[in-house]
Amino acid sequence: MVEWYEAFSDYIQQMERFETLVAGLSTEINGTTQISYRGRSLNRAPPWRRLSILDGLKDVAGIDIGQATLEDLPGIFRRHHPVGVDALPIPLTWGCAVVELFEAIVEPRLWNPVFVMDRPVEISPLTKKHRNDPRLVERFEPLIAGMEVGNSYSELNNTVEQYDRLIAQQVAREKAYDLDQDFLDAICHGMPPAVRYGAGRRSHRDDFERSRKHSRRNVFPVYWRVYERVCKRGVRYENLIRARRICAAKA
């Protein structure tokens with residue numbers, strides 16, 4: 001797993017940092033940013049395409065969902081989604097519907113590296129709201145060959161809003177979980193504007209060294225060992241904060 005935080009930065013700057021990192025690693029390992037993957041050409045040279053999730057639905061799939069109401073969503077799913085209204089999320093929200101349509105229709109059509117950005121607030125409780133659209137957040141996921149290879153967002157550092165977001169998520173979920181009060185308290189004491197990026201080790205394995213064997217080496221080996229142990233016991237963690245707490249206790 002690869003993860004970093006940077007203070008006094010935002011998701012726009014992290015897109016530049018990530019595409020530069022990937023292109024540099026690709027050149028170092030393969031001698032070029034241009035490779036053949038699954039029989040198709042793939043070029044990871046920057047700059048990568050920036051695609052908002054709403055623009056992706058509109059430009060790639062011809063779905064203009066920006067002004068859609070909840071009452072409009074069944075008709076949109078009936079016309080555009082491969083399985084129709086059966087794919088409507090429960091509980092039904094505008095943001096969850098947007099993500100479902102994008103992942104089912106647009107993602108499979110994306111091949112070259114692209115940053116899918118500005119995702120709905122309903123699915124991003126730890127992320128700062130978008131500076132121009134309160135329905136969205138400042139978050140991106142890089143996609144390569146149609147696969148998500150990471151996740152990055154501008155951190156939400158407003159304690160009141162963070163509490164409201166976590167409560168809303170708790171109400172929406174079938175299984176309740178304890179609020180991370182220590183996390184909220186820490187933000188209360190002061191958190192600068194910051195951004196987080198994270199990617200799983202397996203996300204980039206095929207992309208960088210498709211024909212080589214890999215040893216189990218990670219930036220956070222303690223996290224990996226603890227995660228393996230809890231998975232063997234059948235425990236599934238719903239958020240990264242809870243996993244970090246376990247790591248700190250076991251380190």
Projected onto their principal axes, the Cα atoms of region 1-74 stretch, largest extent first, over whole-Å spans of 51, 40, 23
Which value results for Rg/Rh of region 47-86 when Rg is the Cα radius of gyration and Rh the Kirkwood radius based on the inverse mean 1/r? 1.06
Loop sites in region 151-185: GluC sites (Glu not before Pro), DSSP, at most 12 other Cβ within 10 Å: Glu174
Remind me, what semi-axes does region 128-206 give for its equivalent ellipsoid, largest first in whole Å, using sqrt of 5 times each Cα gyration tensor eigenvalue? 26, 17, 14
Just in region 56-149: which trypsin sites (Lys or Arg not before Pro) are loop by DSSP and have at most 16 other Cβ atoms within 10 Å? Arg131, Arg135
Calculate, in nm to one decimal, what Val83 and Thr27 gain on full extension: separation in residues at 0.36 nm each, minus their alpha carbon distance. 16.0 nm
Got the relative contact order for region 2-217 handy, in percent, Cα pairs under 8 Å and 6 or more residues apart? 24
Could you give the radius of gyration (one decimal) and Dmax (whole number) of the Cα atoms in region 59-142, in Å? 12.9, 35
How many percent of all Cα-Cα pairs in region 2-217 sit more than 25 Å apart? 47
Set of region 105-122 residues, backbone N closer than 18 Å to the point 7 Å along the Cα-Cβ line of Arg17: 115-118
Going by how many other Cβ atoms sit within 10 Å of their own, how do Thr20, Thr69, Thr93 line up, fewest first? Thr69, Thr20, Thr93
Phi angles of region 149-164, converted by Karplus (6.51 cos²θ - 1.76 cosθ + 1.60, θ = phi - 60°) into ³J(HN,Hα) in whole Hz with x for Gly and Pro, give 10, x, 7, 8, 7, 6, 5, 7, 10, 9, 4, 5, 5, 4, 4, 4
Taking amide H positions as placed in the peptide plane 1.01 Å from N, state which residues far from Lys128 in sequence (5 or more) or on other chains have amide H under 5 Å from it. Glu138, Ser154, Glu155, Leu156
Quick one: work out the % antiparallel among DSSP beta bridges in region 37-174, nearest 5. 75
Exposure proxy check on Ile167, Ile53: fewest-to-most Cβ neighbours within 10 Å is Ile167, Ile53
For His81, His189, ascending order of other Cβ atoms within 10 Å (fewest first) is His189, His81
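None of the figures in this text is laboratory data; all of them are computed from the coordinates on show. Only a predicted model underlies this, so the values are computations on that prediction, with no experimental measurement involved. Cβ atoms come from the backbone with ideal geometry, glycine included; neighbour counts cover every protein chain shown.
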